[in-house]
Structure formats: C-alpha cells, structure tokens
C-alpha cells in the first residue's frame with residue numbers, strides 16, 4: 001500500500017539518515033508495514049477455515065500479538081477458544097504448547113524442574129529440565145481451574161520472559177506469548193486469578209455464543225469432513241519485526257493523555273473521578289492500562305493502514321483493556337451493574353481530544 005507512511009517517519013523526511021542508522025531502515029519499515037497490512041486478509045482467510053464469526057475477538061487477539069502482549073480469553077466451554085489460539089500459532093509458525101490447568105497441577109509442571117542425572121564421571125549433578133512454558137505461544141487452558149499458587153508460577157515468565165530455578169535464570173524463546181482461557185468465575189470449581197496476574201494480561205477478551213446463523217455454519221462444517229489445513233503465513237522473526245514497528249507508530253500527546261485519563265477516571269475517590277465510579281468501584285486500573293491502551297491503539301492503526309493513532313483506536317480497545325483491571329464493589333453487584341457498562345460510561349464521561 002503505497003499511501004502508508006512508515007511509522008518512524010515524520011511529515012518531513014530528513015535529507016540524510018542518521019550516521020548510525022542504515023540507509024534502508026525506512027524502506028524496510030515500509031515493507032514490513034505493507035506486508036502486515038496485506039497479510040491481514042490472508043490471516044482472516046486462514047482462520048476462516050476453522051473459525052466462524054468472532055471477528056472482534058480475533059482482532060483483539062491479533063492486536064495483542066502484534067503489540068507483544070498476553071491475552072486472557074473468557075468464555076463458556078465449547079466456544080472454540082483452544083482451537084482459535086492453536087490456529088493463530090500455526091499461521092505465525094510459532095512453537096505451540098498447551099498446558100491444561102487442573103486443581104492438582106504444580107508450578108514445576110509449568111516451568112520445569114531439576115533432576116539428578118549421571119555426570120559421566122561416576123557422579124551425579126542436578127540438571128534443569130525445561131517445562132512446557134519454553135515455547136513461543138503458551139495456551140494456558142482453563143487457567144482458573146488451578147489454585148492461585150500454580151497460577152502465579154506464570155508471573156515471572158509473563159513479565160520478564162524468563163524462568164528462575166535455583167538462582168539460575170533461563171530466558172524464554174522470543175517471541176513469547178501467553179494466551180490463557182478461563183471459564184466464567186461463577187462456574188463451579190474455579191479460582192479467581194490474583195490481581196497482580198490479571199494486570200499482566202494486555203486484554204481480557206470475552207468470547208460469547210455465536211448468532212444462530214453462524215452456529216448453524218459451525219455445526220454443518222464440523223460434521224461434514226475434516227477442516228482444511230492452515231497455511232503458515234509468517235514466522236517468529238516477522239512477529240518480532242512487527243513488535244518493533246508497532247512501537248514506532250507516532251502518537252500525539254493528547255492521545256496519550258486521553259488514554260491515561262480513561263484509566264485514572266476508573267479509580268474511586270480521586271479528584272476527577274465520576275460519581276458513579278465512587279459508588280460502584282472498589283479498585284481502579286493502574287498505569288499498565290494506559291500503556292496497553294496506547295500500544296494496542298498503535299497496532300490497531302497499523303492493521304487499518306494508518307501510521308497514526310486516533311481516538312477511535314483507543315475507544316475500541318477500552319473495554320478489553322480495562323474490564324479485568326477494574327474491580328466492582330458489593331453495591332454494584334447488588335444493583336446488577338456489569339463491568340462493561342461502567343467502562344462504557346467512563347468513555348461517555350471522558351473529555352475527547354479535539355485533534356484525532
């Protein structure tokens with residue numbers, strides 16, 4: 001797409017590149033951006049072989065992937081959450097590992113453990129055996145089926161992209177993503193995720209039941225033969241280049257301020273907090289909410305062929321970025337208030353920047 005300006009370029013291109021920057025850097029960024037935009041339709045085509053509907057869910061997961069964030073996918077059993085994650089891993093040719101979270105799962109079952117092995121010289125030594133977390137894309141299936149102690153074993157991997165065992169750091173392979181699925185908390189045998197771990201997820205994507213027409217297509221397609229094989233379109237190296245490109249997308253200061261104000265207005269008893277937040281919210285979103293809103297908005301802009309962030313990009317991602325970071329109080333629960341409703345009211349109450 002020749003109209004796309006590389007994100008790292010301003011409106012006026014310097015006459016000469018910086019001495020320490022390769023001459024073809026801007027051309028490379030343009031090529032990467034155009035490849036991503038051109039590949040968007042092909043991604044939809046490949047996913048359409050096995051996934052019907054769920055366009056908004058797919059877009060939110062794609063944005064998190066391009067921005068380098070982790071995703072929490074919430075939905076009832078049988079909605080193809082696992083199939084969707086596995087299919088995305090195939091499209092990007094990423095090494096995929098699925099971990100089934102159960103009540104008896106231990107932290108070492110995820111990160112790995114040390115075992116005694118013969119050293120070859122008549123003695124023995126401890127050797128670290130890597131767990132399934134050492135992959136590019138981890139599907140933490142039904143993560144809220146296991147107790148908090150085991151859930152927390154993913155914290156270091158998600159934040160630092162490493163695992164520490166006996167004081168030794170083991171870096172994880174890049175790119176690294178955790179896409180965790182969870183059943184609704186109200187279902188029997190589930191454990192709420194710790195707030196510190198929830199905050200590490202870029203988005204909480206809600207996967208709902210399909211409309212009847214789409215569900216008819218799913219049943220017809222899945223009972224008439226084997227699904228077509230998914231063709232890999234990208235590589236892990238491509239994903240890392242997409243991460244760099246997303247961070248270079250320019251964003252105006254008023255857009256950043258808008259994202260920060262959205263997050264801060266969710267915190268009760270602050271100077272500019274709306275009254276309904278004081279009534280219904282016991283804990284609001286932290287700084288990561290604003291960071292992920294801007295990163296996600298940059299990725300969304302790129303997917304739409306733009307090299308700048310708009311208000312609409314931020315507004316479109318406010319619900320998935322905030323719904324797991326804002327904790328409602330008992331009064332809200334008693335009145336039947338849902339978290340998505342509170343976030344939409346925050347969007348209505350927020351002052352929108354004049355320039356977009």
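Worth a mention:
- Yes/no for residue 232 being touching a residue at least 60 places away in the same chain (Cβ under 8 Å), exposed (fewer than 14 other Cβ atoms within 10 Å of the Cβ) and not in a helix (DSSP H, G or I): yes
- Residue 269 being touching a helix residue (DSSP H, G or I) at 6+ places or on another chain (Cβ under 7 Å) and free of Cβ contacts under 8 Å to residues at least 12 places away in the same chain: yes
Per-residue answers, yes or no, for (1) more than 30 Å from residue 160 (Cβ to Cβ); (2) modelled with pLDDT under 85:
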| site | (1), (2) |
| --- | --- |
| 16 | yes, yes |
| 20 | no, yes |
| 42 | yes, no |
| 49 | yes, no |
| 70 | no, no |
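- Against the list (1) under 19 Å from residue 200 (Cα atoms); (2) assigned to a helix (DSSP H, G or I), the condition residue 267 fails is (2).
- Residue in segment 79-92 that is farther than 20 Å from residue 314 by Cβ, free of Cβ contacts under 8 Å to residues at least 12 places away in the same chain and in a loop (DSSP other than H, G, I, E, B) present: no
- Test: residue 65 is crowded, with 21+ Cβ neighbours inside 10 Å and either outside the structural domain of residue 157 (by TED's automatic domain parsing) or touching a residue at least 60 places away in the same chain (Cβ under 8 Å) (or both): yes
- Hey, residue 130 free of Cβ contacts under 8 Å to residues at least 40 places away in the same chain and more than 19 Å from residue 324 (Cα to Cα) or not: no
- Flag for residue 111 being in contact with a helix residue (DSSP H, G or I) (Cβ under 8 Å, 6 or more places away or on another chain) and under 21 Å from residue 153 (Cα atoms): yes
- Residues in segment 244-256 that are surrounded by 18 or more Cβ atoms within 10 Å (Cβ to Cβ) and in a helix (DSSP H, G or I): 4 in all.
- Scope segment 333-356; condition within 12 Å of residue 322 (Cβ to Cβ) and touching a strand residue (DSSP E or B) at 6+ places or on another chain (Cβ under 9 Å); matching residues: 339, 340, 342
The values are calculated or read from the model by the stated rules, or taken from the named source; none is laboratory data. Predicted, not measured: the structure shown is a model, and the values here were computed from it. Heads up, the Cβs are rebuilt from the backbone with ideal geometry, glycines too, and the neighbour counts pull from every protein chain shown.
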